[in-house]
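Here's the structure, in structure tokens; my notes come after.
Just so it is clear, none of the values below were taken in a lab; they were calculated from the coordinates. Worth saying up front: this structure is predicted, and the values here are computed from it rather than measured. Positions of Cβ are backbone-derived with ideal geometry, glycine not excepted, and every protein chain shown enters the neighbour counts.
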Amino acid sequence: MTSNFTSTLIGNIYSKIIKKSICSCLILYFILSLQVTSAFSQVPRRNPAPYENNNTAWVYPPWKHSWIVVAGQSHLSLLTLGKAKFINPQGLDAVKLIANDDPKREADDDELTVYGVNNGENSIIYNKSMTSIGLYGYDETGIEALNDPWDLAATPGGLVFISDSGNRRIVKLRNIKGKLKYSGSFGQNENKLVLPRGIDVTDKGWVIIADAGNGSVARYDTLGNFIDAVDGFDRPVGLAAVDRSEKNSLPRDEYFIVVDSGGTRINKMKFDGSVINRIDVSEATGISNVYIGHVDIEHYHCIIATDSINHCIHKFDPKLNYLGRWGREGDGRASFRSPTGIAIWRHFGQTFISDSHGAQYLWLGTDIVEEPVLETFKDGSGLILEINLTSDSKIEMLIKDENKKVLKNCKRICKSGSNKIRWNWHKFRRIDEKFNLLNRSKSRDSNLPPGKYSLVLKIRARYSSTEKFEKVLETEFEVISGDK
């Protein structure tokens, strides 16, 4: 029989044990004061808005991890002594610097350096260390000064590449002991850049640039040597890229994402210029008027895009199928004012978003795209569940009787997008051994007797939020004696 879910949605922060180290991290030009800990216990959370409970594609970290998750001008003024103002913030990037990493200590793996373009002040704002803010562009003159910077990309080794659009070049900086130093520029001589916008740097050392003036995506090495270019784009703007050396993406792949046609079309391309997929954002989302200025790629190759017209972020699966939007117009939690820059630390799903009023710090969560569909076998020997998810997720399924006693349970790993799970308790042990999945079942060899039962789904994202957040859905079904 088929049962539609009447869902009970519960978004909550999970209680865990606090580990020793709590490190304060002032994040970039978001100016987020981060106190990092890998777990926590019985931490109170501010009452979330109803939107946050109903849409958990992203979630906020608990305050024990981050004191400030929504930062504005007051935070920036305080930490820069009034020197910097948020004026048209644009591109972001987040990186774990080798210089700040202790290989023997896992607790510091989420302590990031986050750089942000403050376009209106021709500057870069970043966290110099865990306790101080750095600025570039406020005191620099001559060739070191920026003019209409749009986006940037950083490497773990300390290099920072900036699309300096007004000067038609890429500026190369080097982070030396927390201080950004000018290290040259390229793109002004052979194979000249006209209007460089989106930029990314891959683990192989490819610097990829969307040139809105040339209608192309150019590839350089980190020394500034031109490699090649893919032509045929219409005013390309936002850009993100990965290569097969990227250790924080699964599976290993090699492509770039570029937004063109006035911020309305997303292209997934191979570096040889062939098209993997291409979508019109308005058609995919059902929203008539959109502007995508910046994009990024998460660990499992979903694509995230900021939409400054609709004050939200959009998420697409690796095939560019639409998974939904997050955010609304306004101030405070789960709200944006014309979001622009986006940076995702792929390893943990830490997400940074800038908008006209400041910036926010989020964790990738998970949610259902549409109501799951449950079909149960009449003889009580199994079920089929169809579920559409916004993120790669861990799902635990519990079958309870009318007294809420758990009779059977199972754990599965599902991908973003559409999933069809067939759970037959008679065959479950063999499947578990063959595929080594995160599966477990009680009473594998017995059918459920006729009666009424409930199926509880517990869904967690496969990121930092996995131990601290879950979404719970529940529906009732009935077993009727007879054939399947």
Under-18-angstrom lysine pairs by C-alpha in segment 80-189, whenever the two are 8 or more apart or on separate chains = 12
Segment 96-136 and segment 288-336: distance between their alpha carbon centers, rounded to Å = 24 Å
Extension gain from Glu371 to Glu467, taking 0.36 nm per residue of separation minus the Cα-Cα distance = 32.1 nm
Can you tell me which of 93-106, 251-264, 202-215, 347-360 comes out highest on packing, and rank the rest after it, using the mean Cβ neighbours within 10 Å?
-> 347-360, 202-215, 251-264, 93-106
In sequence order, what are the phi-derived ³J(HN,Hα) couplings for segment 181-188 according to the Karplus relation 6.51 cos²θ - 1.76 cosθ + 1.60 with θ = phi - 60°, rounded to whole Hz, with x for glycine and proline?
-> 10, 5, 10, x, 8, 8, x, 9
